[in-house]
Ligand SMILES: Cc1cc2nc3c(=O)[nH]c(=O)nc-3n(C[C@H](O)[C@H](O)[C@H](O)COP(=O)(O)O)c2cc1C
């Protein structure tokens with residue numbers, strides 16, 4: 001990273017968090033991106049859902065909600081980028097302030113509430129980049145005022161099915177009332193069946209994988225139900241996890257009691273425990289994306305060994321800057337070499353043996 005760019009990052013941290021985010025997107029759209037020229041170590045490549053991921057480090061949903069900068073983010077070295085959450089119609093989200101930096105805790109709390117420009121705007125941007133290299137997924141949600149959740153997700157799948165490299169059904173944001181109730185088994189079975197049908201209608205020749213993104217705040221019963229539903233419906237994958245409504249006692253920031261979803265370092269342990277449990281409950285048959293508190297190569301490696309085939313991050317990017325992606329990849333490759341593991345695929349689930 002060049003010095004001027006590093007200075008820009010420092011200045012961003014002086015701005016209120018949402019202003020800083022908007023400024024980052026504007027700068028990225030203007031092409032202010034140092035090119036990350038280092039090729040990915042071959043050991044980091046992994047094949048999944050018919051795609052070849054050059055490395056397993058993805059950008060989590062919420063940073064590029066409107067698909068404004070997926071190619072800029074890929075240039076930072078991410079192996080894939082998830083756009084969204086996008087809802088059928090544009091919506092403003094919750095009143096500000098609604099995003100808080102918990103710097104002492106290396107965490108964020110957000111209650112944005114799916115502020116986004118809607119499917120048509122996002123679709124137009126994905127149409128414009130069609131054919132470009134780089135894997136881009138679309139994370140789908142429902143409008144706050146909508147009374148028919150399934151219809152909203154079906155609209156998302158129809159709009160994005162032939163454009164996104166994978167689709168995510170987000171039923172785990174804590175900031176849309178009632179959304180997380182869709183994680184109960186009867187709801188999930190109906191939802192996934194409807195979305196599989198919509199996906200086939202949208203992209204019969206080459207349907208993208210359909211993934212479910214789940215919350216970290218689930219009861220034992222809910223966790224078991226989700227695993228059963230995933231296996232029964234042949235779900236292509238799960239993303240574990242979204243932000244948490246829990247507030248660990250170790251939080252020190254004055255913002256710790258703000259309402260919303262907590263992300264970053266305090267989410268690492270609970271989201272990794274849930275990942276390992278889901279790996280076991282689904283008997284390693286459902287590919288998992290591990291997300292929550294990753295800020296180093298060691299963190300990424302721990303998620304992979306707990307059962308993740310791919311990982312994602314967002315919050316650490318705010319504190320560490322985009323140079324983090326390159327550091328994580330270098331460290332991850334070094335850990336694999338140290339442990340005599342030829343490639344990422346061979347490390348998946350090593351710490352969560354299925355016979356246990
Ligand atoms: C500001 C912010 C906005 C987010 N928006 C979304 C979203 O729209 N959809 C979604 O599925 N997850 C969203 N997330 C959750 C992240 O994708 C991720 O699951 C979570 O932050 C944990 O990862 P992290 O600790 O690396 O940030 C958001 C997170 C943050 C911090």
For the range 265-356, please list each of the helices (runs of 4 or more DSSP H) lying entirely inside it that holds at least 3 residues being within 11 Å of the ligand (Cβ to nearest atom). 265-281, 297-305, 315-320
Select from the range 12-27 the residues that are more than 16 Å from the ligand (Cβ to nearest atom) and touching a helix residue (DSSP H, G or I) at 6+ places or on another chain (Cβ under 9 Å) and write down the one among them that is farthest from residue 109 (Cα to Cα). 27
Which of the residues spanning the range 307-328 are farther than 25 Å from residue 109 by Cβ and touching a helix residue (DSSP H, G or I) at 6+ places or on another chain (Cβ under 6 Å)? 307
In the range 55-108, what residues are more than 13 Å from the ligand (Cβ to nearest atom), in a loop (DSSP other than H, G, I, E, B) and in contact with a helix residue (DSSP H, G or I) (Cβ under 9 Å, 6 or more places away or on another chain)? 55, 56, 68, 69, 76, 77, 79, 88, 89, 90
Can you say whether residue 41 is surrounded by fewer than 20 Cβ atoms within 10 Å (Cβ to Cβ), within 15 Å of residue 314 (Cβ to Cβ) and touching a residue at least 12 places away in the same chain (Cβ under 8 Å), as far as the supplied structure shows? no
Residue set 231, 182, 235, 188; condition in contact with a strand residue (DSSP E or B) (Cβ under 7 Å, 6 or more places away or on another chain), under 24 Å from residue 310 (Cβ atoms) and either touching a residue at least 40 places away in the same chain (Cβ under 8 Å) or part of a helix (DSSP H, G or I) (or both); output residue 235
Is it the case that the range 183-202 has a residue that's in contact with a helix residue (DSSP H, G or I) (Cβ under 9 Å, 6 or more places away or on another chain), under 24 Å from residue 314 (Cβ atoms) and surrounded by 16 or more Cβ atoms within 10 Å (Cβ to Cβ)? yes
Positions within the range 49-67 being in contact with a strand residue (DSSP E or B) (Cβ under 9 Å, 6 or more places away or on another chain) and surrounded by fewer than 19 Cβ atoms within 10 Å (Cβ to Cβ), in sequence order: 49, 51, 52, 66
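Every number in this text was worked out from the coordinates using simple rules, so none of it is lab data. The model shown is predicted, which means the values in this text are computed figures rather than measured ones. All Cβ positions, glycine included, derive from the backbone under ideal geometry; neighbour counts span all protein chains shown.
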